[in-house]
């Protein structure tokens, strides 16, 4: 992609209402454009990132054996009345409005009320269970104060996974598999998430939140610095300095961002919708359910909160918009500039032919310092520079985003070394 043609450019100034690092850097870096509080347009760079997060999520859900579906965002009042949630939480969370014929409608902020009656149409016997389904879709929540960029929005990306089981033992088995699938998602996205016990409400003793430690976090958790056992402060039995009940280590207090949560629904939604199955003896029993939520947009925002410096974003390779940010620099001599462009064009072609994604800063009117600052702000893992200096050495300048040092790499080796860098 040529930067000169890219929709969405960098900005030297931060938006005046940016309260978080991710909000500031996403807008300054040209990843998103804010329409209103909590609602963003994903520009080409931002869309590439969130699509890569979604692809990792999709791969891990498929590996788990879940089937992908897509449920409506626009929903009628009736299923929400069935569960009592049209009024509680009702408009505190839901966007509620009138459609044609004075029909009450909402935009989905979660999908238990939709997936349960849908599944009911296809489940009859114990032979139909267990199974799981998931979707990746935008959600809508009537946040009283949308803030923190992608961390607390009114429209946001969410992956819902729902599992359906014959008995609690099978639900427990799948629940543990889902935990590990979530760990893999976060690890692949460059986040280290602790699994914190949280209130399970009326369904079970605990639900589990996936919390990433960072000073910009809104949650407070207590966690063991040795074995990483953790609890959310709202239900915690521990405080700073207590002994860990699992390993005897020291419990610490920390700020964290919740990037996912999972919980056992049991029959909370099976009962009102009469989602039952007939067992081998012909007895009707309720289907047990589990629910597993993960927000790709929240993951994207959290990655920036964790991986940045005073110059900009530092994207992990797995979700970076491009692996390579290639910069060509003009020279005082026009003939040299023409040669620089020719070499840079050729290198881009060779890298892309090798399957490497490249953002090519081909601007003719931007100085070296501006291009380097923009590269740091955008945060691709590797910056390559072609200039009069590198032509003289028949090399390319190589600088990784996580490093302060640059080096020269022979041009004939550049594509191969980039390939090796991509594998690390």
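The values are calculated or read from the model by the stated rules, or taken from the named source; none is laboratory data. Bear in mind that the values here come from a model prediction, so they are computed numbers and not experimental data. Counting neighbours? That spans all protein chains shown, and the Cβs are built from the backbone with ideal geometry, glycine included.
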For residue 45, state whether it is over 20 Å from residue 139 (Cβ atoms) and not in a strand (DSSP E or B). yes
Quick check on my filter: what residues within region 338-371 are touching a residue at least 24 places away in the same chain (Cβ under 8 Å), assigned to a helix (DSSP H, G or I) and over 30 Å from the mean Cα position of the chain (by Cα)? 339, 340, 343, 344, 347, 350, 368
Which residue, of 301, 293, 282, is assigned by TED's automatic domain parsing to the domain that holds residue 190, under 15 Å from the mean Cα position of the chain (by Cα) and not in a helix (DSSP H, G or I)? 293
Within region 309-319, identify whether any single residue is modelled with pLDDT of 95 or more and at positive phi, and answer yes or no. yes
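Residues that are at pLDDT 95 or above, over 20 Å from residue 290 (Cα atoms) and over 19 Å from the mean Cα position of the chain (by Cα): list the strands (runs of 3 or more DSSP E) wholly contained in region 183-251 that include at least 2 such residues.
Because the criterion is at least 2 residues that are at pLDDT 95 or above, over 20 Å from residue 290 (Cα atoms) and over 19 Å from the mean Cα position of the chain (by Cα), the strands (runs of 3 or more DSSP E) in region 183-251 that meet it are 219-224, 230-232.
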State all residues of region 372-405 that are more than 30 Å from the chain's Cα centre (by Cα) and either in a helix (DSSP H, G or I) or surrounded by 14 or more Cβ atoms within 10 Å (Cβ to Cβ) (or both); if no residue qualifies, say none. 385, 386, 387, 388, 389, 390, 391, 392, 395, 396, 397
Residue under question is residue 72, and the condition is that it be farther than 30 Å from residue 317 by Cα, modelled with pLDDT under 95 and surrounded by fewer than 18 Cβ atoms within 10 Å (Cβ to Cβ); does it hold? no
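So that you can scan it fast, the table gives a plain yes or no per residue for (1) more than 23 Å from residue 276 (Cβ to Cβ); (2) surrounded by 13 or more Cβ atoms within 10 Å (Cβ to Cβ); (3) in contact with a strand residue (DSSP E or B) (Cβ under 9 Å, 6 or more places away or on another chain):
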residue: 67; (1), (2), (3): no, no, yes
residue: 77; (1), (2), (3): yes, yes, yes
residue: 80; (1), (2), (3): no, yes, yes
residue: 86; (1), (2), (3): yes, yes, yes
residue: 96; (1), (2), (3): yes, yes, yes
residue: 103; (1), (2), (3): yes, no, yes
residue: 106; (1), (2), (3): yes, yes, yes
residue: 122; (1), (2), (3): no, no, no
residue: 129; (1), (2), (3): no, yes, yes
Does residue 376 satisfy the condition of being touching a strand residue (DSSP E or B) at 6+ places or on another chain (Cβ under 7 Å) and either within 30 Å of residue 256 (Cα to Cα) or not assigned by TED's automatic domain parsing to the domain that holds residue 192 (or both)? yes
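Yes or no, residue by residue, for (1) closer than 21 Å to residue 182 by Cβ; (2) in the same structural domain as residue 55 (by TED's automatic domain parsing):
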site: 103; (1), (2): no, no
site: 115; (1), (2): yes, yes
site: 119; (1), (2): no, yes
site: 129; (1), (2): no, yes
site: 147; (1), (2): no, yes
site: 154; (1), (2): no, yes
Counting only strands (runs of 3 or more DSSP E) entirely within region 64-162, those with at least 3 residues that are touching a residue at least 40 places away in the same chain (Cβ under 8 Å) are 131-140
